[in-house]
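Comments concern the structure below.
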Amino acid sequence: MEHNPEQVVLMEGVSSAERFLLPKEISRRVLDEITLVVKRAEAWGITGKSLLELKLLLEIMANIRPYDKGKCVLVERGMMRRKRVILKHVFYIGNSDMLYNNMNVLEFLMFATAKYKMNKVLLQEEIFELIIDIGLGHLSLTPNHRLTKEEKAVITLIAAAYSNSLIIVFNLPEYQWDEVLVEAVAELCRFIRERGKSIILATQNCGLIEKACSHTAIIKDGKLIYDGTVEDFRLKFDKVEVIIRDKSARLMAEKLVELLPAYELGIKGDSLLISNKGLQGSDPGTIYKNILESGFTPDSMEINPKTVQNAYEELMRQHDL
């Protein structure tokens, strides 16, 4: 591959030194032959079932962990396979311990941006407004020691957004994100991309990828099984066309099986998911018509707004076959 100045991360056939020991004394590499390109101003959400695989991939990407085979180039600089140095154009967040406990949120952010060449009063106003814009205004004067680890991580991400680093690696796949923090991270990803920086985050929260990321990569059993835009991923793999919510969803499914032979019916709680088997284009209109003609009036029927969660489950299902 020729190097392109728009590429900020180029991984080619990267395999980890770490191995999993499988039954019968067989082992496999934790990561095997990973090839991935991240460009300037993209936000990548990397996900999969194994926290270890996700963490390791981002550690290799940030040059914290050596790798065994392949090539990894960050912002036009090859990395020594064995040398562990954090490069100044990479801002790596691998825990939430960077905040000083004796400061509050706004004090810490002013401290973290002290080198920023801007009038300090204006900078403080700008940072304060950003905290409000991302929905965390209520935390601005909270002492850092009272924040949850997830809140601390998001505050660290604000510091990263203001840094001179071109690449931000947010490696906290084990963290649990509530709706408020998902929105905050999504807003920060937009802010980061507007500044021409790239962010790579590891998470098992599909909603976070859907809201915050332009691209996604999915890892299963050490292999990359998908990489591309979030939109393409949702449209390609989420086969659910219509969602019916009704207490008698199960009963309905039994009756509709004959009426909708070209579709797959699945139950989740009180919802009936009607999925395209991939043989025909999307046609929710015909599904509606069939249901109404069958004499059912469900509590609610909606066209499915193709989600990362459904797409992820479908991709995993295909790979388990």
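Annotations
- Residue-wise HN-Hα coupling along segment 231-239, computed from phi with Karplus coefficients 6.51, -1.76, 1.60 (Hz; x: Gly, Pro): 5, 4, 4, 4, 6, 7, 9, 7, 8
- Secondary structure note: in segment 7-235, about 55% of the DSSP beta bridges are antiparallel.
- With a Förster radius of 25 Å applied to the C-beta separation of LYS24 and GLN309, the computed FRET efficiency comes to 0.10.
- In nm, spacing of pseudo-spin labels at LEU235 and SER282 (7 Å Cα→C-beta vector): 0.8
- Carbon-plus-sulfur accessible fraction, segment 114-196 (probe radius 1.4 Å, protein heavy atoms only): 52%.
- 3J(HN,Hα) couplings calculated from phi for segment 196-210 with the Karplus curve 6.51 cos²θ - 1.76 cosθ + 1.60 (θ = phi - 60°) are, in sequence order, x, 9, 10, 10, 10, 10, 9, 7, 9, 9, 5, x, 5, 5, 4 Hz; Gly and Pro show x.
- Annotation note: trypsin sites (Lys or Arg not before Pro) in segment 116-165 located in DSSP loop regions with a Cβ neighbour count of at most 10 within 10 Å are LYS117.
- Amide H to amide H, with H built 1.01 Å from N, GLU241 comes under 5 Å of ILE274, SER275, ASN276, counting only residues 5 or more places away or on other chains.
- Sequence-ordered 3J(HN,Hα) estimates for segment 151-167 from the Karplus curve with 6.51, -1.76 and 1.60 and θ = phi - 60° stand at 5, 4, 4, 5, 5, 4, 5, 5, 4, 4, 4, 8, 6, 7, 5, 7, 10 Hz, glycine and proline given as x.
- Annotation: lysines with alpha-carbon distance below 27 angstrom to LYS24 (same-chain offsets under eight excluded): LYS49, LYS55, LYS69, LYS220, LYS223.
- Listed peptides 51-60, 20-29, 308-317 by packing density, highest first (mean Cβ within 10 Å): 51-60, 308-317, 20-29
- For the chain, the relative contact order comes to 19 percent (Cα pairs under 8 Å, sequence separation of at least 6).
- Sites VAL257 and ILE225, calculated FRET efficiency, Cβ-Cβ separation with R0 35 Å, nearest 0.05: 0.70
- In segment 239-305, Rg over Rh equals 0.91, where Rg is the alpha-carbon radius of gyration and Rh the Kirkwood radius from pairwise Cα distances.
- Ellipticity estimate at 222 nm from DSSP helix runs (n ≥ 4, -39,500 (n - 2.57)) divided over the chain, nearest 500: -10500 deg cm²/dmol
- Placing dummy labels 7 Å off each Cα toward the beta-carbon, the span from HIS138 to GLU33 is 5.0 nm.
- Shown is the FRET efficiency for SER294 and ARG317, computed with R0 = 30 Å from the Cβ-Cβ distance and rounded to the nearest 0.05: 0.60.
- Per residue, the chain exposes an accessible area of 49 Å² to a 1.4 Å probe, with every protein chain left in place.
- Inter-label distance, nm, simple model (7 Å from Cα along the C-beta direction), LYS88/GLU174: 3.3
The values are calculated or read from the model by the stated rules, or taken from the named source; none is laboratory data. Bear in mind the structure is a predicted one, so any value in this text is a computation, not a measurement. All Cβ positions, glycine included, derive from the backbone under ideal geometry; neighbour counts span all protein chains shown. For the accessible areas, the whole protein counts, side chains as well, though only heavy atoms, and no ligand, DNA or RNA atoms are used. Shrake-Rupley method; radii C 1.70, N 1.55, O 1.52, S 1.80 Å.
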